[in-house]
Amino acid sequence: MSKDIQINVNNNSGHDDGILAMLVGRFRPLLTMASIYIVTTSLLRLGLWVIFGRHFEVSFLHLPVILVLGLLNDIVVLPPLLLPLSLFLLILPSWRREASWRRALAHMTSFAVIFAFIYLALVQYFFFDEFNGRFNLVAVDYLIYPNEVFVNIWQTYHVMWFLLATALISIAAQVSFSSRLVRPKMPTCRFVNRLKFVGLHVLLTALVLFACSTDTLSLFNNRVANEITANGISSFFRALHTNELDFHRYYRTIASEKAFSVMQKELRLAGQQKPDSPTDLNRSFPAYPDGLGKLNIVAIVEESFGAQFVGAYGDKRGLTPNFDRLSRQGILFANAYASGTRTVRGLGAIVTSMPPIPSEGIMKRPGSENIANWGEVLKKKGYETSFLYGGHGIFDNMNHFFSSNGFAISDIRDIKQITQRTIWGVCDEDIFRHAVKYYDKAAAAGKPFFSVIMTTSNHQPYTFPAGIPNVPVKGGGRIAGVRYADYAIGKFIEQAEGTAWGKNTLFIIVADHDARVYGSQQVPMRHYRIPLLFLAPGHLRPQVVTTAMGQLDVAPTVMGILGLPFTAPFYGQDVLHWPADKPRPILVNHDHDVGLLLGSKLAVLGLHKTVTVYDYDDVSFDIHKAADDPQLEDLATAYFQTAYELFKSHKYQLSTP
């Protein structure tokens, strides 16, 4: 009697029809693949702790708990992960004799699955290295633009070597587990009993999907510890599922009437009238007689140009001599913060002055057309508006957003003189050279202009034109990216100052976000600090402003400098006319969380309607859990809830006369 028949505990008919018998018989590859997956993810988790965890205060004492909780997270993923294999084994016919084509197919299938497990672990490692977390909304966003992302990966990493190493490891695993993965004959069991087995598998899958969430076992106060504990596949599908969240379902809310009442009171300054509608946030910003008038406005949004690299913000490496020099000629904002960790967050905040609502940024959401924005305000003042981008504007929905909100568009397709490019776009010198020519034509039309320039060079794969001092063509990494960005800024400002329009232009130099936002904190505020400089040669008196300022405040502050009155529902304020004794609110987004920083307090709204209050030290940038603060929590809720409701109802609009 065969071993397969001997383990049948339910009958003597020669069929492996018991659940246990089928699990170690026909469905035995499920156990083998599960074991390979658990070993792979456990080794990855251990590696993440060794390389990243200890750097972010995840101690050795945490490791056993992390491994156990991580194992549970991995086990929870197994039922849905292995369901396709279970369905395949359900329909696979039984055979009594070995066939070479069957064995070849089984070997190729099992090799492919093992290869996928191992390669996915490698991808998770590099993603963790870049973003200090498991797969999140960034991973989902990147898959929407596979050409840019995969070419960037190919240019940045030694992909062929990793593929070869993965293949070799997969072959070794395939050989080691061959007898458990490939059967000389397929054990027989009745189809109806196979169906029952798979039915149980489906029920178990449904149970774990509904009963368990990615963060069920996120028990640490340390964010990095929770990320190491998590499962990458589960994290990805959570991000995919929550890519465009219903705020009212997932986040703390208050009565809508109360939220708008709080915001009308919060945003209205002395002399501003209360709007007639209880849900209208439009208010009139005054004219200032000492304003500079209708200067041109050029906002240079620098890719990943965090304050941590800039000498004017305390860095000692001498990476940004041009910015540092220019900072002594204009208004430097010493405590400026980004709204998020993605380019679309920075651009959206600067242009719309709207809080960064959770999950997907407004630039990429349906309904972002014809909303209140800075360009629309300036058009009413006679300005021409434009958006210049060195890459393909289809990326991150940039062209659609700007064009549907009144901006003229010019991207890589219009740039004729290209000296160097990557998959993300042309080098900064090329986009700036194109901008000078573009503005020459704009100035010839006789109207003031407002333009946003988005750069691309300070990004992987970090390749640059030859001949730039201290900037290698390749291999210089982020430091070379910062040096080159600074070099291009200095060259552009010098070229612009030599033009007639440049002498009548207010330049804004600001980062979209920091290079990386990482750390053990729920919202690592240290890495939200960005450089912000207003420069208008011959027009502005140099000064350093220490008032906290977010990207939402850029538009109202510039309008105040120019002295131009306007009416808008902007959440930002004119920081230069902000009451000295009143802390300035800073609104940020981090993955699924959103937060309000007000002075030394930070209120964070998270998924499942959670809210956490922290004490914040703006010197060390540390945060520590604090007691509940109902007033601050309501204010934070009001900011994000009203922004979400106005956007979803398409009521974030300039008031009509």
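The values are calculated or read from the model by the stated rules, or taken from the named source; none is laboratory data. In this text the structure is predicted, and so the values were computed from the model without any measurement. Every residue, glycine among them, receives a Cβ derived from its backbone with ideal geometry; neighbour counts consider all protein chains shown. Areas reflect the complete protein model, heavy atoms only, side chains present, ligands, DNA and RNA absent. Shrake-Rupley method; radii C 1.70, N 1.55, O 1.52, S 1.80 Å.
From the list Ile479, Ile431, the lone residue that is among the aliphatic types (A, V, I, L, M), open to solvent by 40 Å² or more (accessible area, probe 1.4 Å) and assigned to a helix (DSSP H, G or I) is Ile479.
Tell me, yes or no, whether segment 631-648 has at least one residue that is modelled with pLDDT under 90 and either open to solvent by less than 40 Å² (accessible area, probe 1.4 Å) or charged (D, E, K, R) (or both).
Within segment 631-648, the subset modelled with pLDDT under 90 is none.
Checked against the condition, which is being modelled with pLDDT under 90 and either open to solvent by less than 40 Å² (accessible area, probe 1.4 Å) or charged (D, E, K, R) (or both), segment 631-648 yields no hits at all.
Would you pick out the residues in segment 1-47 that are at pLDDT 50 or above, out of contact with any Lys or Arg (no Cβ under 8 Å at 6 or more places or on another chain) and among the charged types (D, E, K, R)? Passing the criteria: only Arg45.
Among the residues of segment 384-394, those identified as within 25 Å of Gln460 (Cβ to Cβ) and surrounded by fewer than 22 Cβ atoms within 10 Å (Cβ to Cβ) are His392, Ile394. Which of the residues spanning segment 359-368 are over 20 Å from Leu281 (Cα atoms) and assigned to a loop (DSSP other than H, G, I, E, B)? Within segment 359-368, Ser359, Glu360, Gly361, Arg365, Pro366 meet the criteria. Within segment 434-476, take every residue that is of a type outside the set (S, T, N, Q), under 30 Å from Trp374 (Cα atoms) and in a loop (DSSP other than H, G, I, E, B) and give me the one that is modelled with the lowest pLDDT. My answer is His459. Looking across segment 487-539, the residues that are assigned to a helix (DSSP H, G or I), farther than 30 Å from Gly133 by Cβ and open to solvent by 10 Å² or more (accessible area, probe 1.4 Å) come down to Tyr487, Lys491, Glu494, Gln495, Glu497, Trp501, Lys503, Asn504.
Can you tell me how many residues within segment 319-341 are under 19 Å from Arg529 (Cβ atoms) and open to solvent by 30 Å² or more (accessible area, probe 1.4 Å)? Summing the residues that are under 19 Å from Arg529 (Cβ atoms) and open to solvent by 30 Å² or more (accessible area, probe 1.4 Å) in segment 319-341 gives 2.
State whether the residues of segment 280-301 include one that is open to solvent by 40 Å² or more (accessible area, probe 1.4 Å), more than 30 Å from Asp440 (Cβ to Cβ), of a type in the set (S, T, N, Q) and part of a loop (DSSP other than H, G, I, E, B). Checked against the condition, which is being open to solvent by 40 Å² or more (accessible area, probe 1.4 Å), more than 30 Å from Asp440 (Cβ to Cβ), of a type in the set (S, T, N, Q) and part of a loop (DSSP other than H, G, I, E, B), segment 280-301 yields no hits at all.
All conditions but one from (1) among the hydrophobic types (A, V, I, L, M, F, W, C); (2) within 23 Å of the chain's Cα centre (by Cα); (3) surrounded by fewer than 20 Cβ atoms within 10 Å (Cβ to Cβ) apply to Leu605; the one that does not is (3).
Selection within segment 632-646: residues that are of a type outside the set (D, E, K, R) and more than 15 Å from Gln264 (Cα to Cα). The member of this set that is farthest from the chain's Cα centre (by Cα) is Leu632.
Any idea which of Pro358, Pro366 is surrounded by fewer than 18 Cβ atoms within 10 Å (Cβ to Cβ), at pLDDT below 95 and under 30 Å from Ser649 (Cα atoms)? Spell out the reasoning first.
Numbers: Pro358 fails: surrounded by fewer than 18 Cβ atoms within 10 Å (Cβ to Cβ).
Going through Pro358, Pro366 in turn, the sole match is Pro366.
Restricting attention to segment 548-560 and to residues that are touching an Asp or Glu at 6+ places or on another chain (Cβ under 9 Å) and more than 18 Å from Val452 (Cα to Cα), the residue that is surrounded by the fewest Cβ atoms within 10 Å (Cβ to Cβ) turns out to be Ala548. On the stretch given as segment 369-383, residues that are open to solvent by 10 Å² or more (accessible area, probe 1.4 Å) and either without any contact (Cβ under 8 Å) to a residue 60 or more places away in the chain or part of a loop (DSSP other than H, G, I, E, B) (or both) total 6. Of everything listed in (1) under 27 Å from Val426 (Cα atoms); (2) β-branched (Val, Ile, Thr); (3) not in a loop (DSSP other than H, G, I, E, B), the single unmet condition for Thr341 is (3).
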